[in-house]
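Below is one structure, written out as structure tokens; comments come after it.
The values are calculated or read from the model by the stated rules, or taken from the named source; none is laboratory data. All figures in this text were calculated on a predicted structure; none of them were measured in a lab. Note that we place each Cβ from the backbone using ideal geometry, even for glycine, and neighbour counts take in every protein chain shown. Areas reflect the complete protein model, heavy atoms only, side chains present, ligands, DNA and RNA absent. Shrake-Rupley method; radii C 1.70, N 1.55, O 1.52, S 1.80 Å.
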Amino acid sequence: MSKTEEVVASSGRIQGFFRDFALHRLTHPSGDDVFEILSTVFACSAIVIIVLTAVVLIRGSFQAVSTFGVGFITGVNWNTTLGQESYGMLPYILGTLVTSGIAIGIGIPVSLGIAIFLSEMSPTSVRAPLSQVVELLAAVPSIIYGFWGRLVLRNWIVNYVEIPLSNTFGSVPIFHGSPHGYDILMGGLILAIMIVPTISSISKEVMMAVPSSQREAAYSIGATRWETVRMGVLSYSRSGIFGATILGLGRAIGETMAITLVIGGALGPDALPTSFFIPGQTLASLIAGQYYEAESLQLSAIVGAGLVLFGLAVVINIFAQLMVSRVLKLHAGAVE
């Protein structure tokens, strides 16, 4: 047999081996094969759910979007009168962004303070029970926060925050209005309280995962406790803290029942968030308040509000992924 024939025969045997091996795996799958298939299916199911959600929202909102065009996003009117219907999402988009901004502005410092105390300063006997209490707050249903805000927190905020601010800074546009507790500021405060457990719990775990060598290196050059936390811990864990913040922001943007009870429920131009002390509305609270009485074009507009909210969530998550990647590159010393 010539060398060429030997090579061909050897190649045929190799091909036959792999063919038989592949056929055997198909007919007699191992546990690893089943696990791989199931994991792939579960991973793809997330993509399918997102795509189906987008399709349903687009189909349901098509009538309103095609009727009002760009005005559906930039318009401020909300007129449900038959024959004169007009729906615009701008006040509710701005309301969502403003209340979420208030929540993040208040929630991040409080959450970081809790996380730093639990991970760096608290005694071991205190850390475990206090961590459980913080995690328990994350499990409280949002409607409970709403009731508590409406029946308890509202009175404190009106008497000790809104009235003093109005009397002192009433000439500033964002503090115009008559403080009554059902307004943009109250909605933002409730959201801040709700996102604190999420951000603080994740941030604490991220900080505790920082290697002890980071702290020891800071102490070795004479750093104080605060300087050690700032340079050795916060700097090392900033990508994880940023991710926790985005998760909190996602909850703030999508929160429905709690904010519906305290934000006031204004519609149309009255819902534009020109002041902290006026009633407002978010996209989520608009959907909750209007869905069950909506028909035809109004129902399509409500589904359109859901589509806008879905789009905001997608944009925020994409932005978060880009920012986290950038932070990780900078942390690794990459040249930008």
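For a quick check: with amide H placed at 1.01 Å from N, whose amide H comes under 5 Å from Gly280's, ignoring anything fewer than 5 positions away on the same chain?
Residues meeting the amide H criterion: Ile184, Gly264, Gly265, Ala266.
Run the accessible area of the chain with a 1.4 Å probe and give the carbon-and-sulfur part as a rounded percent.
Of the solvent-accessible surface of the chain, carbon and sulfur hold 68 percent.
At 20 Å minimum axial length over the Cα atoms and a Kyte-Doolittle cut of 0.0, report the qualifying DSSP H helices in the chain, or say none.
31-68, 90-116, 124-139, 184-208, 238-254, 296-331
Wrap a convex hull around the Cα atoms of segment 216-295, take a quarter of its surface area, and give that in square nanometres.
Spelled out: convex hull of the Cα atoms, projected over all directions, averaged, 8.5 nm².
Under a crude label model (7 Å from the Cα following the beta-carbon direction), how far is Val48 from Glu216 in nanometres?
Each label point is offset 7 Å from its Cα along the Cβ direction, giving 5.1 nm.
Could you give me the radius of gyration and the Dmax of segment 170-245, taking only the C-alpha atoms into account and expressing both in angstrom?
18.9, 56
Across the Cα atoms of segment 63-131, what radius of gyration and what greatest pairwise Cα-Cα distance (Dmax) are found, in Å?
22.4, 67
Just the Cα atoms of the chain, one point each, no solvent: what log10 I(q)/I(0) does Debye give at q = 0.10, 0.15, 0.16 Å⁻¹?
-0.77, -1.26, -1.33
Please find, in a Gaussian network model of the chain (springs between Cα atoms separated by less than 10 Å), the residue of Ile73, Ile37, Ile193 whose mean-square fluctuation is greatest.
Top of the fluctuation ranking is Ile37.
Relative to the present Cα-Cα distance, how much length would full extension add between Asn317 and Gln63 at 0.36 nm per residue of separation?
88.7 nm
For segment 106-222, what is the convex hull volume of its Cα atoms per residue in Å³?
148 Å³
Quick check for you: with a 1.4 Å probe and neighbouring chains kept, what is the accessible area per residue of the chain, in Å²?
Dividing the accessible area of the chain by its residue count gives 55 Å².
Helix-only estimate, please: 222 nm mean residue ellipticity of the chain, summing -39500 (n - 2.57) across DSSP H runs of length 4 or more and dividing by its residues, to the nearest 500.
-22500 deg cm²/dmol
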